[in-house]
Amino acid sequence: MRKRTSALTPWALSGLILAACNGDDTVTSATEGTTDTTTDTSSTTSSDTTTTTGDTTTTTSSTSETTSPTTTTTTGETTTTSTTTTTTGDTDTDTDGTTTGGGMGDVDCGGEALMPPEEGLCEVAIPGTEGLLLRGTVLAPDGVYTNGQVLVVGEKIACVGCNCADDPQAADASWVDCANGVISPGLINTHDHLGFANNVPIGQGPDRYEHRHDWRKGQNGHVKLTTMGSANKRQIEAGELRFLLGGATSTIGGGAGRPGLPRNLDDVNDKEGLAIQTVDSDTFPLDDANGQQIENGCMGYGANPTTAMDIADLDSYLPHIGEGINQAAKNEFFCTSMGNTDVIAAQSGIVHAIAVDVADIVETVSEKAKIVWSPRSNVVLYGNTAPVTAMDNLGATIALGTDWVMTGSMNMLREMQCADYLNTNYYDGHFSDADIWRMATSNAALVLGADHAIGALKPGYLADIAIFDGSEHPNYRAIIDGEPSGVGLVLRGGTPLYGDALLMSDPVIAQADCEFLDVCGNGKKVCVQKEIVEAGLAEIQMSIANIYPLFFCGEPDDEPTCTPWRDEYPDGITAEDADGDGIVDADDNCPLVFNPVRDFEFVQADYDDDGIGDVCDVCPADPGEECVQPDPNDYDGDGVPNSDDNCVAVANQDQADDDDDGKGNACDDCPEPNPGAEVCPTPIQAIRDPDHPNHPSPGSAVKIVGAYVTAVRPDAGNARGFHIQNDSLEPFSGIFVFTGNTSPTVKVGNKVTISGTYEEYFNFSEITAPEVVIDDAGETLPFSPIPIADPATLATGGSMAESHESMLLAITDVAITKQNADANDYDEFEVTGNLRIDDTIYDNVVNSGLNNACPVGSQFTQIVGVLGYSFSNTKLWPRIKADINHVMCDPAP
């Protein structure tokens, strides 16, 4: 499976209940002792109950209040002085100070108050040599930690809690104090189309539409929106930079992402080291790009819709469904939830989902599908958006996405502010601040199949972290009300990419050479040139200078509206219509929650016909207000909140975790510990052999340990790479590692560990976006080329051609049977058995080095090479001159 491994002590994995310091005190740590920063650290999670050792002595002024249903038992040796540890929430406390309960709660870690720096949000208080100890307000999975700490070692989070400074890995860490800083996971944008980053926003919009094809095609008498889908590289990077300045570290770019800056999780080469299966974005799952609007039945859409089989092996699939408010939009859900085209599945995050009713939501939740909500874009186009309050009451997981700059938000902060605006003014405050924050962090990670690696501050997770200014807006509000000028630091995998100029220039952060950017009077530095290499900040800004800037100070110019209105409800909120849906309160079945009559309905939606509208009904699928509904913060329904669950997507009430890696047995197929973002080692045979029981799907993250480099392609072009093979010499034990236009740093004979993404490139297996670790720099292979008696078995269509792809082989006593194997001259010739011999590895230059100048009949005592596949033919690729032992004519003079 797609995980990594590292050895961990049982102590290191004792649980993730991020409890208080100075009394009820738990430090969550990835490892104990010295840690190599190149090695992944652990993730720790807990069940409902966590026991923490330590005899606690408290002063008479100490109090303990708890709002959360967590259960923490504390015994052992910790002494508090004048500080108080406070957990807000409902709790039962027994006479020995043990708190009982179960769920989220806030913790005051106590200790001396941090002092704000003279300039900026954070400062290096104590310089060190390895790792960062971030101190401030910490938004942990189980609550807010005032005066909390996050320890970053290498690219991973090593500890989250109150006492991370006591962790052995913090011994040499630099302390970064953020007195007014709110430390959060980096934001995750689950939906955008970066290929359209060269467009301008439409403001209030020229029209209100009933279906997306109305504005795409100008159908049904509507004003067509003119869009340019040809953003160049720099403009796409500008779109990504907008996200980064707003604290986002990962995004879905709609297939148009660029390397560097935020991770593009739907692009195999732009995930920036995050080992997950590539997310599949699907704008037209019914193949209806031509503009089909069908109100009933599923005939008439395109000939190539996405099928259930197409998505069966995906970890995350994002189809656009139900984008509109008419019957045609409603029919899309029907046609994508049944038969061959049923794509409402656990791996699916339904993008938009506006035209759905309670039955559709129940179907979505029962299949464990999720929702990707883009409220700003929905509102400006349709005057309405997804019925998210009903979705939440029915237990749906909801994440946020910006859609695109034309009708959506320019960054995730503005999208969160739109969601918050609707929540405050139109949804009667249904969602908490934490709910909205989770839509951009942990929920988003769950939608993208990355909840084990990003979206939360947990040990073992990648250090994708953003620190926001909480001096005026505390805790979650620091993010919801935030602006790029108040983002003090952004780390992607522990690497600082953006932040206050003084902090970025500190030798500890070591980004003084990044470009300076004045953001609303606050000096920042952003690492554009270092990330993109071929372009810097000035070039990025120039690319959009006449289109739309990177940021605004306050509300952006011409920002698409987030205020719902249509001709049917043009007046908005009034004294008689508190929710602005065009229905006076006296007649409104949800007077405080926006629910206009949609075009596919005759009356306000009330699925259970109990007189309470669906969007304000606690039990929208059942009459009355007494029901048991799924908890949206317990995705798998096993009674363990997502924040504590060691298998968020698989029910496992017992939380059993035999290898103590923070991943429960129910969702961990790896036989050895692979905490957090670690990928489980996968044998090459399993990757290459489609019949192997552990064969991963293309696009999956894999890790190969103990393989040997057998050949390196020429150091030129954009198809560079090298071949690896394990020493079993069994079939399917070789594979190609693709490095693109980057020269490999390995040599034949090196023993390596490879982490990357398994792909099939025109039926040729390869590992893309590789991370390469040389375990042994030896340059002598421990095995010889495998002798093949009959060359015909290796030729195109031969019985051994597929199983021996990318393996080092030797054929003997053959002769040239065809001097030129192609109509054009590509330096290929055929030998006995119709096996092609080609120069792809030798030199890959026509009429130079290895060529096809020798005549038919020329004999060879031996030809050694790696078996390759290109242009629909299997070919043996010699590596060096010594691989070719000729008798009469030398093809490589």
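The values are calculated or read from the model by the stated rules, or taken from the named source; none is laboratory data. Since the model is a prediction, treat every value here as computed from it, not as a measurement. Using ideal geometry, Cβ is built from the backbone for each residue, glycine included, and neighbour counts are taken over all protein chains shown. For accessibility, only protein heavy atoms count, side chains too; no ligands or nucleic acids. Shrake-Rupley method; radii C 1.70, N 1.55, O 1.52, S 1.80 Å.
Label point of Thr226 set 7 angstrom out along Cα-Cβ; within the stretch 370-413, amide nitrogens under 18 Å from it belong to 406-407. Residues whose amide H lies under 5 Å from that of Asp192, counting only those 5 or more places away or on a different chain, are Ile252, Gly254, Asp403; hydrogens are built 1.01 Å from N in the peptide plane.
Distance between the modelled labels on Asp557 and Asn763, one decimal in nanometres: 5.5 nm (7 Å Cα→Cβ projection).
Taken along its principal axes, the alpha carbon cloud of the stretch 476-551 reaches lengths of 33, 30, 24 Å, longest axis first.
Measuring r between the beta carbons of Val533 and Asp622 and using R0 = 60 Å, the FRET efficiency lands at 0.55.
Per-residue extension of 0.36 nm, minus the Cα-Cα distance of Cys520 and Asp172, leaves a gain of 121.7 nm for this segment. Packing-based ranking of 876-884, 756-764, 437-445 yields 437-445, 876-884, 756-764, ordered from highest to lowest mean Cβ neighbour count within 10 Å.
For the stretch 465-527, the solvent-accessible area works out to 32 Å² per residue, with a probe of 1.4 Å and every protein chain left in place. Here is how the number arises for the chain: DSSP H runs of 4 or more residues each give -39500 (n - 2.57), the sum is divided by the residue count, and the result at 222 nm is -3000 deg cm²/dmol.
Placing a pseudo-label 7 Å from each Cα along the Cα-to-Cβ vector at Thr424 and Asp287 gives an inter-label distance of 4.7 nm. Judged by the mean number of other Cβ atoms found within 10 Å, the most tightly packed of the peptides 486-498, 398-410, 229-241 leads the ranking 398-410, 486-498, 229-241.
Taking label positions 7 Å along the Cα-Cβ direction at both Ala512 and Ile774, the computed distance is 3.1 nm, reported to one decimal. List the lysines whose Cα lies under 21 Å from the Cα of Lys217, skipping any in the same chain that are fewer than 8 positions away. Within reach: Lys330.
Annotation: for a label point projected 7 angstrom from Cα along Cα→Cβ of Asp822, residues of the stretch 847-883 with backbone N closer than 13 Å are 847, 852, 869-875.
What the stretch 119-178 shows is 27 Å² of accessible area per residue, with the surface traced by a 1.4 Å probe over protein heavy atoms. Relative to the current alpha-carbon distance between Val846 and Asp890, full extension at 0.36 nm per residue lengthens the span by 14.2 nm. In this structure, the residue pairs whose Cα-Cα separation is over 30 Å, taken from Lys233/Lys747; Lys530/Lys881; Lys368/Lys458; Lys530/Lys703; Lys271/Lys875, are Lys233/Lys747; Lys530/Lys881; Lys271/Lys875. Our summary of shape: the Cα atoms of the stretch 739-893 have principal axis extents of 44, 31, 30 Å, ordered from largest down, in whole angstrom. Counting protein heavy atoms only, the chain has 49 percent of its accessible area on carbon and sulfur, 1.4 angstrom probe. Its convex hull of Cα atoms gives the chain a direction-averaged projected area, equal to a quarter of the hull surface, of 38.9 nm².
For the pair the stretch 326-405 / the stretch 763-825, the C-alpha centres are spaced 48 Å from each other.
Rounded to the nearest 10 degrees, the angle from helix 412-425 to the longest Cα principal axis of the chain is 30 degrees. Per-residue accessible area (protein heavy atoms, 1.4 Å probe) orders Asp609, Asp634 as Asp609, Asp634, starting from the largest.
Extension gain, Asp585 to Ala656, is 20.4 nm, computed as 0.36 nm per intervening residue step minus the present C-alpha separation. Identify the residues of the stretch 504-548 with backbone N under 13 Å of a label point that sits 7 angstrom from the Cα of Glu118 along the Cα-to-Cβ direction, or state none. None, by backbone N distance to the label point.
The residues of the stretch 623-708 have, on average, 40 Å² of accessible surface per residue, using a 1.4 Å probe with all protein chains present. Here the Karplus relation 6.51 cos²θ - 1.76 cosθ + 1.60, evaluated at θ = phi - 60°, turns the backbone of the stretch 170-176 into coupling constants of 8, 4, 10, 6, 8, 8, 10 Hz, with x for every Gly and Pro.
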